[in-house]
Amino acid sequence: MTIPRSTACALHCGACLQAVHSFFFFAYVHDASAQRNYLNFGSDTGGYRGGDRSKELLIRWAQMSAFCPLFENGGNGEHRPWLYDQETTDIYRDFVNAHYELVPYLLSAGTTAYTANVSVMIPNKDPSLLPDSDDWGYRLWTDIFVSPITQNKTQDVTVHFPEGDDWVDWWDGTTTHAGGSNVTLTFALDRFPAFKREGSIIPLDVSVDGSLHGDSRSRGHLTLQISHPLPAGGHTNVYEWKGTGVEAEYSVEQGDSDGSFGLNVVVTAYHKPVVARITGVCAGVETSVHDATLPGAPSVPRTADPFAAGLTGGWTFVAGARELVLVAPAASVQRGTFLRVSGLARC
């Protein structure tokens, strides 16, 4: 009997790597592991063995680890970020929090990939070609794309975006890059080349202030990040550990000749409150949200703080981020949520 690699090793660690300024071998191990269908894997952040573990190397490695299923820190030499300086500590903490936020996405991706006997991480290039290539990018399952920074003392990176989809900047949520394009971008030390697939629904667990996808008010909620909704709509299955999970989808309804459109967000019955954060849209005075779960249900109120709206739920529009934040009514979450948003515009 042949045991699939994803079954034989559901969690793989590319360990014993040496800390070097150009940690291309680290990226190579990841991409080679993906080609061999290891389900989930990661590496010792900063390298397990000795070497030149500079501040920049530790930070850039931690940033990539945040966008891997396994993020670990350990090995020979100094790995503690707080013993470098305050900037290292702050950046490292931000990316640890980003990794924690991704837990619902990573669990859902791993569960789906396991049944398909494929890897959660999908490299842009055949790993055998990588030593002679500058394309170290990979998809983290279907909806996140990462382009690791593998060189020391550089902030300019040429990103080779996968064909077939457009990609939204992870950090500002507004800038979109065409699939198949090669774009040189600049990333300060506290930023990293990560992108969301346009039209995707990414489930997140947001629980701390300072997050790009909410704040501590989202603790205990399931956050659904809908990036630039597409006319074809979107769907995702959200799995949870020893739980029932949930299905979420959206559909787009074209509006009048003025270019406005409507958006239906549907979530099956769930035991947690749900927050939908929809980017790439604009709301105006004509925008309204209606709880269509039951006939005759009242409109969901527009409020400065939708988390304080109680059982009725609420919504607000953050103009600077071009983001509609919608907290589902508590009662509708228990029986299945169907929220109808009208009067939106693309911006």
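The values are calculated or read from the model by the stated rules, or taken from the named source; none is laboratory data. These numbers were taken from a predicted model, which means no experiment stands behind them. A quick note on method: Cβ atoms are made from the backbone with ideal geometry, for glycine too, and the neighbour counts reach across all protein chains shown. To get the accessible areas, we keep the full protein, side chains included, count just its heavy atoms, and leave off ligands, DNA and RNA. Shrake-Rupley method; radii C 1.70, N 1.55, O 1.52, S 1.80 Å.
Name the strands (runs of 3 or more DSSP E) wholly inside the stretch 208-281 in which the number of residues that are charged (D, E, K, R) and more than 18 Å from the chain's Cα centre (by Cα) is 1 or more.
Working: elements: 222-227, 234-238, 246-254, 261-267, 274-279.
Correct list: 246-254.
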>> Step by step: first the residues of the stretch 177-192, then only those that are touching a residue at least 60 places away in the same chain (Cβ under 8 Å) and surrounded by 14 or more Cβ atoms within 10 Å (Cβ to Cβ), then the one that is farthest from GLU323 (Cα to Cα). Which residue is that?
In response: LEU189
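Listed here are the residues, each with its yes/no results for (1) out of contact with any strand residue (DSSP E or B) (no Cβ under 7 Å at 6 or more places or on another chain); (2) at pLDDT 90 or above.
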site: ALA297; (1), (2): no, no
site: ALA308; (1), (2): yes, yes
site: GLY313; (1), (2): no, yes
site: VAL327; (1), (2): no, yes
site: VAL333; (1), (2): no, no
site: LEU339; (1), (2): no, yes
site: GLY343; (1), (2): no, yes
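Does the stretch 54-61 contain at least one residue that is open to solvent by 10 Å² or more (accessible area, probe 1.4 Å), hydrophobic (A, V, I, L, M, F, W, C), in contact with a strand residue (DSSP E or B) (Cβ under 8 Å, 6 or more places away or on another chain) and on the phi < 0 side of the Ramachandran plot? Lay out the reasoning, then the answer.
Restricting attention to the stretch 54-61, the residues satisfying the condition of being open to solvent by 10 Å² or more (accessible area, probe 1.4 Å) are 54-56.
Filter again for hydrophobic (A, V, I, L, M, F, W, C), leaving none.
No, the stretch 54-61 contains no residue that is open to solvent by 10 Å² or more (accessible area, probe 1.4 Å), hydrophobic (A, V, I, L, M, F, W, C), in contact with a strand residue (DSSP E or B) (Cβ under 8 Å, 6 or more places away or on another chain) and on the phi < 0 side of the Ramachandran plot.
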> Identify, please: which residue in the stretch 297-311 is out of contact with any Gly (no Cβ under 9 Å at 6 or more places or on another chain) and not small (Gly, Ala, Ser) and is, among those, most open to solvent (accessible area, probe 1.4 Å)?
Replying inline: LEU311
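Each row is one residue, and each column tells you yes or no for (1) in contact with a helix residue (DSSP H, G or I) (Cβ under 6 Å, 6 or more places away or on another chain); (2) under 19 Å from GLU198 (Cα atoms); (3) buried (at least 22 other Cβ atoms within 10 Å of the Cβ); (4) at pLDDT 95 or above.
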site: GLU87; (1), (2), (3), (4): no, no, no, yes
site: ALA116; (1), (2), (3), (4): no, no, no, no
site: SER119; (1), (2), (3), (4): yes, no, yes, no
site: SER128; (1), (2), (3), (4): no, no, no, no
site: TRP136; (1), (2), (3), (4): yes, no, yes, no
site: THR142; (1), (2), (3), (4): no, yes, no, yes
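From the list SER227, SER216, pick out the single residue that is touching a Gly at 6+ places or on another chain (Cβ under 8 Å) and not aliphatic (A, V, I, L, M). Can you show your working first?
Values: SER216 fails: touching a Gly at 6+ places or on another chain (Cβ under 8 Å).
Sole residue among the options that is touching a Gly at 6+ places or on another chain (Cβ under 8 Å) and not aliphatic (A, V, I, L, M): SER227.
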> Only one residue in THR293, THR268, THR287 is touching a strand residue (DSSP E or B) at 6+ places or on another chain (Cβ under 7 Å), more than 21 Å from ARG217 (Cβ to Cβ), among the hydroxyl-bearing types (Ser, Thr, Tyr) and modelled with pLDDT under 90, so which one is that?
Replying inline: THR293
> Does the stretch 7-30 contain any residue that is open to solvent by 60 Å² or more (accessible area, probe 1.4 Å) and modelled with pLDDT of 80 or more?
Replying inline: no
> What number of residues within the stretch 63-88 are over 11 Å from LEU189 (Cβ atoms) and either charged (D, E, K, R) or within 22 Å of the chain's Cα centre (by Cα) (or both)?
Replying inline: 13
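Would you pick out the residues in the stretch 264-296 that are of a type in the set (A, V, I, L, M, F, W, C) and surrounded by fewer than 20 Cβ atoms within 10 Å (Cβ to Cβ)?
Quick first cut of the stretch 264-296, residues of a type in the set (A, V, I, L, M, F, W, C) only: 265-267, 269, 274-276, 278, 281-283, 285, 289, 292, 294.
Matches in the stretch 264-296: VAL266, ALA269, CYS282, VAL285, ALA292, LEU294.
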